[in-house]
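Participant: Below you'll find the structure I mean.
Just so it is clear, none of the values below were taken in a lab; they were calculated from the coordinates. Keep in mind the model is a prediction, meaning the values are calculated, not measured. Cβ placement follows ideal geometry from the backbone for every residue including glycine, while neighbour counts extend to all protein chains displayed.
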Amino acid sequence: MFLSLLFACSACVSCIEVPLDQESQEDQPSDEPIDTSESEDTAEDTADDFDPPPCPVMEIEPNGTYEEAQYIPMETWFCGEFSEQADLEVFDFDFPEEGWLKVWIRAQDLGSTADTLVSIKSGSQTALATFFGESTDPVLVVPVKEGMTISAGIQEQYNGFGDNHFWEALFSQVKPPLEYSGIESDEFNDGMAAGQYVESGDRVLGIIDSNYDRDWYLLELGEGEHDLTIKIDANQFGSPIDAMIYLYPPEALEDPDTNYVKYRNHGLNANSTDPYLTYSTDQAGVWGVQIKTYNGSGSDFYWYVLDINVETEIE
């Protein structure tokens, strides 16, 4: 469910450069040289006195509801600040066609004290980000199925406001953040028996497209000692998903009450939200891989790339 967001307005640091006005030079008699040194000095002195140029688009109040949302053209930086507590700002923009959207917020990386979050919404589809990597400034990179109007919101996570609570933002169309070799089947795969078959070397783009969605994949292992590596690439590349991986043994196909043999909800680094699972087995058969989200949330924006690798040693 889309969270209400608090937005605001201030000066933007990354802005277009506005050329300085220079005094027009009138025609002068041909027998007198034109002295430009004074005008050049004046231009330099004037540049030193100027404040930084304004952001291309500034936040305009009121824009605290979806009905009051301020329209922002894509590929244009816009700026604001949190000027009061619980300051809510909403923005609309038009995504032109099927592709990938990047929503980029900058605040603390620019020296602001604001701790921002961003959320997007189109119909019932929502996504939220509160950070990106090691930065407190959030980024979303999500797939968009078709041209549509999307609403976005920016808020201070802890209701901070006042001096130095500024931010800037950009809505942009980008290339896919990762390479993948296949796409999750459109067919129902919410149960192990209906899982989609994968094999070593596959990188599958999947979507947790609704709350409490479960995606199942099937991995068939033959004879020998197998070292499995199953990982998710998603959050660190801009997906809102906080994914979990569960690995089930072959007997789970016949007995749905069979417990998983291992699960993982983080990467090699405990601070990573992209899970990385390793497991060794000599049991042949069809193994099940389940992907779901940690908090049960999902939408068309909750993407991931499932990476499968199996190394087999046969005696």
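Participant: Between the stretch 67-94 and the stretch 243-276, what is the C-alpha centre distance in whole Å?
Facilitator: 40
Participant: Continuing with this model, one more query. If amide hydrogens are placed 1.01 Å from N in the peptide plane, which non-local residues have theirs closer than 5 Å to the one on V57?
Facilitator: Under 5 Å from the amide H of V57: C79.
Participant: So who's got an amide H within less than 5 Å of the one on S185, skipping anything under 5 residues away but keeping other chains? H placed 1.01 Å off N, in plane.
Facilitator: Long-range HN contacts for S185: none found.
Participant: Pull up the cross-link candidates among the lysines for K145, meaning alpha carbon to alpha carbon under 16 Å and not fewer than 8 places away within one chain.
Facilitator: Once the sequence-local lysines are set aside, what remains near K145 is K102, K121, K175.
Participant: Right, another one. Karplus couplings for the stretch 244-257 from phi (6.51 cos²θ - 1.76 cosθ + 1.60, θ = phi - 60°), rounded to Hz, Gly and Pro as x?
Facilitator: 9, 10, 10, 10, 10, x, x, 5, 5, 5, 8, 10, x, 8
Participant: Let me ask something additional. Listed highest first by mean packing, meaning other Cβ atoms within 10 Å per residue, what order do 114-122, 283-291, 65-73, 252-260 come in?
Facilitator: The most tightly packed comes first, giving 114-122, 283-291, 65-73, 252-260.
Participant: What ³J(HN,Hα) values, in whole Hz, does the Karplus curve 6.51 cos²θ - 1.76 cosθ + 1.60 give for the stretch 135-141 when θ = phi - 60°, with x put for Gly and Pro?
Facilitator: Per-residue couplings from phi come out as 8, 7, 8, x, 9, 10, 10 Hz.
Participant: Could you grab the relative contact order for the stretch 82-164? Cα pairs under 8 Å, six or more apart, rounded to a whole percent.
Facilitator: The normalised contact order for the stretch 82-164 reaches 46 percent.
Participant: Okay, next question. Apply the Karplus parameterisation 6.51 cos²θ - 1.76 cosθ + 1.60, with θ equal to phi minus 60°, to every residue of the stretch 79-89 and state each ³J(HN,Hα) to the nearest whole Hz, in sequence, with x for glycine and proline.
Facilitator: 9, x, 8, 8, 9, 8, 5, 6, 7, 9, 10
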